[in-house]
Every structure is written in C-alpha cells, then in structure tokens.
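Below is one structure, written out as structure tokens; the observations come after it.
The values are calculated or read from the model by the stated rules, or taken from the named source; none is laboratory data. Computed from a predicted structure; not experimentally measured. Cβ atoms come from the backbone with ideal geometry, glycine included; neighbour counts cover every protein chain shown. Protein only, heavy atoms only, side chains kept; ligands, DNA and RNA dropped before computing areas. Shrake-Rupley method; radii C 1.70, N 1.55, O 1.52, S 1.80 Å.
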Amino acid sequence: MAQLLRRKHAQKDFFVYDVLDATPKDDIGSMEHPMFTLSKKPDNKIRHYEHNGEYIEITPSVLGLATIFDKDILIFAMSQIMAKINDGEEPSQTIQFSAYDLLVSTNKATSGAQYERLKSAFKRLEGTRIETRIKTGGKEITRGFGLIEYWEIIRETRDGRMEGLEMKLSDWLYNAIIAKEVLTISPDYFRLGKPLERRVYEICRKHCGQQQKWSIGLELLKKKTGASSTLEKFRMFIRDIIKSNHIPDYLIYFDDDKKDLLIVRPRVASEPVIEQHKPFLKPQTYETAEKLLSKHRLDKYAVEAEWIDWIKDKERPQSPDGAFIGFCKMKVASL
C-alpha cells in the first residue's frame, strides 16, 4: 500500500521561508482544471478539456507536457510572491531564488541528479503551451501562452548544481496571484508520491475546503483529474487511494447507497464529537500547529481531536485559533 513519502529534510522546518510566511499556495485555475499530465513518462498528446463552458487546449513541447511534479516549481513561486504581498512588499512577475531552497521546500533530494531533473522541469513548463478562455484576475486570456515566460540559471557550479535561478511567470498565472485567486495547501502535498493522489487532493481542497461534506461522481472526478485510464481502472486507482487513507486534510470514501459517488469530508469532521464541537480554524493555524508539533512527531489532527474533546465541556473560546495553538504549546511543553 502506498504511503506518504518521508520528509527528506526533517531536521529543518519544512518550509524554509518562515520569516516571509511563505506557506504553500496553489492557484485555483489549475486546481480546478487538468493542466498538467499525470504521466511520469513523456506525454506528447495534445489535450482538450471543456467543462461548464470553460475550454483548455494544452500542447506539449518536444519534451512532453509539464507534469504534476513540475508544478512544484510554480507552487514555490506563487508562495514566495504571496508572502511578499502579505508583507506589504511590491510583488514582481520575475523572481530569483536558490535551487537548493526550491528543492528543500518541495521535499526533494538535493543530489546532482535532482538538479538535472529540475532543468528538464523548467523546459517542460516553458515549452507547454496553453490556450484557454478561463479568467484570472477578471481578465480573459485567449491567446496561447506558456506557464512560464522564461527561466535562466544565474550561477552554476562546476559539478552542475544550480546556485541561483531566475524565472518569469506567465501573465495568466501572475494575474491569478495578484487577484489572490490562490488557496493554501498542506505541506504534506509534496509527500504524495503518486500523481493521481496529488490531483485528487487539489480537487478536494478546491471544492470541499472546510465544508462538512462534499460529493462528486466518479466519472466527473476522472474528467477533472485528466486521467487517461478507463473508468474501470480509475475506479481501482481511487479504491487504492481510499485504502491508503493518507490524502492530507481529507477523508474520502464511496457512498454506500449510490454507485460511483465519492464522499469527501475534512478529516477533523469525520468524528461525531468533532462535528458537534469543532470551531473552524484558519488554514494558517494548521500550518503553525504543524511547525510546532512535527518536530516532536505529533500529528496536528490527533492533537486537534484532543483539544476539541478538552474544550467540549468548557465555554467556547472567543479566539479558537489562538486557543488551539496555546493547547499545542501546552502539549509540547508536557513532553
């Protein structure tokens, strides 16, 4: 059974830009629509996707379509830009960063081979061309564009390691960031080793959010993921994901009464006691809890369940976010 990938840099805080509060951000447009291939092999097929009047055509470069793992670069970039915006700084469509920080932040190894894979990912992102009528930031871009305008290595060591990188995002993606059409995602997203797991998480995060329950038909889910398998095989893949039960933040299962209807619930809402007493917490609160607890190998959801059980007979806290973080600190101090 598939498991979450280990944290390759567990000795450090998972996201290296804590000072800038660069928590992982994903753009709503590509969370909603299948813009990245799920194949780990070169995918040279032109993709056409249309749903509810929204149309996308994705054309690969000679190296193939950009993959769901290549998207980690864009998530890293979006996170840095949003951190600057939140800090009141002037954002830029062009960003400079360390390749090492990118790899550590997205839970990748920092070996020489990984730097070569990074080059290929940049080439696919630049080469993949998209034509769409989807709006970002209130603007409709109908011309074709790449996911990034360009990338370049500013410095490279003799052993082939990139020390400095520069990248310019596409107008379409940058418009989405400026309009704050992004969502915070779990850092454990980067520990999902299977492409379909990542795509399913994105769809759950986009559509379920913090609702107590959300449902989707299997055929529509297949369409939204961009999976090329038959419905029968896709059903088998989803059953494997359900059995592994490690999609961050969400519990997924098939409805007992309706065939091929998937039910999605936030994990903390899956227990009856939590549904009755759980105050809503901000995504940033979970991120802060993760940083406090992961060093001590404590699961934020398990600690949250303890906290909810602890407060159920007490007066409801006026500031649930502050109260939960205080409980996490108390839990750590008691170890």
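Key figures for this structure:
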{"quantity": "Those strands (runs of 3 or more DSSP E) lying entirely in the range 161-243 with at least 2 residues crowded, with 17+ Cβ neighbours inside 10 Å and touching a Phe, Trp or Tyr at 6+ places or on another chain (Cβ under 9 Å)", "calculated": "162-169"}
{"quantity": "Residue within the range 32-46 that is farther than 18 Å from Glu197 by Cα and of a type in the set (Asp, Glu) present", "calculated": "yes"}
{"quantity": "Those residues of the range 102-152 which are among the β-branched types (Val, Ile, Thr) and modelled with pLDDT of 90 or more, in sequence order", "calculated": "Thr106, Thr128, Ile130, Ile148"}
{"quantity": "Enumeration of residues in the range 72-83 that are surrounded by fewer than 22 Cβ atoms within 10 Å (Cβ to Cβ) and within 18 Å of Pro195 (Cα to Cα)", "calculated": "Ile75"}
{"quantity": "Meets criteria (farther than 22 Å from Arg199 by Cβ and open to solvent by less than 50 Å² (accessible area, probe 1.4 Å)) for Gly146", "calculated": "no"}
{"quantity": "So Gly226, is it in contact (Cβ under 8 Å) with a residue 60 or more places away in the chain and at positive phi", "calculated": "yes"}
{"quantity": "Selection from the range 86-137 of residues that are open to solvent by less than 20 Å² (accessible area, probe 1.4 Å) and over 26 Å from Glu156 (Cα atoms)", "calculated": "Ile130, Thr132, Ile134, Thr136"}
{"quantity": "Checking Pro42 against (1) open to solvent by 30 Å² or more (accessible area, probe 1.4 Å); (2) touching a helix residue (DSSP H, G or I) at 6+ places or on another chain (Cβ under 6 Å), the condition it does not meet", "calculated": "(2)"}
